[in-house]
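Chemist: Following this message is one structure expressed as structure tokens.
No lab work stands behind these numbers, since they all come straight from the coordinates. None of these values were measured; they are calculated from a predicted model. Here the Cβ positions follow ideal geometry from the backbone for every residue, glycine too, while neighbour counts run over all protein chains shown.
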């Protein structure tokens, strides 16, 4: 996978610096109306001058080839609201590994209850469990929470921590790209994030080694 | 993203269910009515994890049914505008591609796919870069950003983009199998 840049190989979506063509291909924003309960208008992403780069396996592509990668300031949504402001009360974010634990325990109980034909799990349960268990991460939620605990005193919310943990970023810049709400605190968060990401990477490596040694 | 929340619902029960198993029947009916549903406010209710309280029942005039206010805990999946998540591509066509993240369907329009990726029709339709190094096809895993959501009666549908930093293909089909 590394050769495809999926996890930090090739550069991500942006063109190398100095690609003159990219600046000439600025797209004008288009309006798309979405008629729905929570209708919104959105402007398609304006090319910020680097969008024409080879769309390499950029899911976790690093930016090293591009040097200083600019943020998507021009193309970002006008207001980046914090997720927790939209949540109903009495609700708590769950990391995917937490959700996987909970749903797996429910499914295990279903094996016992499955003789009753009235008790069935909905399709969304199976898809939700599969999604939560994707990536095969075996890290315990408590361990991952402890790794990101120091970020809370810098004002990072639970929701943002869950989002970061779910994405498993490899660099600090990736965190700020994924959670733009943290950008105002960039200077304060850079070091704690770096430490947390290093610990997470070590944990995943240790778990992968453990899995390989037992198989 | 998954959330754990406490919701409340008024459950209506027919008198034939009254008896010593009343609570069990109420919980079973709650699970049958609620699990798998979705709403714009809460998202998909994936599973009920517990019952917090069952209030006093009130008899409905004229029908004999009794309404119980039930507070329950549940795991929900709700996508947010601006959220980054990983999805599996389910269909590719010239308008864009469809992907699924849990119970949620996401559509990424070709306008929101990087400009240097072209649609390639054929037996396995895909979007490929000019140098052929990156390909989006069915079963590919992609990281995308939600830019809009819409709720139907039974499902949530989202619009996403991969035309942004750190978005795009994560792995090819079968890479993780």
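Chemist: Give me the one-decimal Kirkwood hydrodynamic radius in Å for segment B:2-77, with the sum taken over alpha-carbon pairs. Before the final figure, lay out the partial values.
Modeler: Working: mean 1/r = 0.0773 Å⁻¹.
Answer for segment B:2-77: a Kirkwood hydrodynamic radius of 12.9 Å.
Chemist: With a Förster radius of 51 Å, plug the Cβ-Cβ distance of residue A:110 and residue A:185 into 1/(1 + (r/R0)^6) and report the FRET value to the nearest 0.05. Please list the in-between numbers first.
Modeler: On the way: r = 43 Å, r/R0 = 0.85.
E(calc), rounded to 0.05, equals 0.75.
Chemist: Next up: How high is the relative contact order of segment B:84-176? Use alpha-carbon pairs under 8 Å, at least six apart in sequence, and give a whole percent.
Modeler: Values: 211 pairs, mean separation 27.8, N = 93.
Result for segment B:84-176 is 30 percent.
Chemist: Here is a follow-up. Determine the shielding of peptide B:79-89 by partner chains: average, over its residues, the number of Cβ atoms on other chains within 10 angstrom of each Cβ. Mind dumping the intermediate values first?
Modeler: Working: counts 0, 6, 9, 12, 7, 9, 6, 8, 2, 3, 0.
Across B:79-89, the average partner-chain Cβ count within 10 Å equals 6.
Chemist: Separate question: In what order do B:140, B:53, A:157 fall by count of nearby beta-carbon atoms within 10 Å, going from fewest to most? Don't skip to the answer; put the middle values down first.
Modeler: Details: B:140 26, B:53 10, A:157 18.
With the fewest neighbours first, B:140, B:53, A:157 line up as B:53, A:157, B:140.
Chemist: Other chains near B:71-78: what is the mean number of their Cβ atoms within 10 Å of each residue's Cβ? Please report the intermediate quantities before stating the final value.
Modeler: On the way: counts 1, 0, 1, 1, 10, 6, 7, 5.
Counting Cβ atoms of other protein chains within 10 Å of each residue's Cβ and averaging gives 4.
Chemist: Shifting gears a bit: With the calculation restricted to Cα positions, what are the radius of gyration and Dmax of chain B in angstrom?
Modeler: Expressed in Å, the Cα Rg and Dmax of chain B come to 21.9, 72.
Chemist: If you don't mind, another one. How far is helix B:22-34 tilted, in degrees, relative to the longest principal axis of the Cα atoms in chain B, given as a value from 0 to 90 rounded to the nearest 10?
Modeler: So the helix axis and the longest Cα principal axis differ by about 30 degrees.
Chemist: Need one value for B:148-156: mean number of C-beta atoms belonging to other chains within 10 Å of its residues' C-beta atoms.
Modeler: Numbers: counts 8, 5, 7, 3, 2, 0, 1, 1, 2.
Rounded to a whole number, the mean comes out at 3.
Chemist: Just rank B:146, B:106, fewest to most, by other beta-carbon atoms within 10 angstrom. Could you put the intermediate results ahead of the total?
Modeler: On the way: B:146 21, B:106 27.
By the 10 Å Cβ count, ascending: B:146, B:106.
Chemist: Next up: Expressed as a rounded percentage, what relative contact order does segment B:2-77 have, with Cα pairs under 8 Å and six or more residues apart? Don't jump to the answer; show the numbers that get you there.
Modeler: Details: 132 pairs, mean separation 35.2, N = 76.
Computed over segment B:2-77, the figure is 46 percent.
Chemist: Right, here's the next one. Between residue B:59 and residue B:18, what is the label-point separation in nm under the 7 Å Cα-to-beta-carbon projection?
Modeler: 0.7
Chemist: Based on the Cα gyration tensor of segment A:133-174, what are the three equivalent ellipsoid semi-axes, each the root of five times an eigenvalue, rounded to whole Å and given largest first? Don't skip to the end; give the middle numbers.
Modeler: Working: eigenvalues 65, 35, 15 Å².
Sorted largest first and rounded, they come to 18, 13, 9 Å.
Chemist: Could you put B:112, B:85 in order, starting from the residue whose Cβ has the fewest other Cβ atoms within 10 Å?
Modeler: Details: B:112 22, B:85 25.
Fewest to most other Cβ atoms nearby, the residues stand as B:112, B:85.
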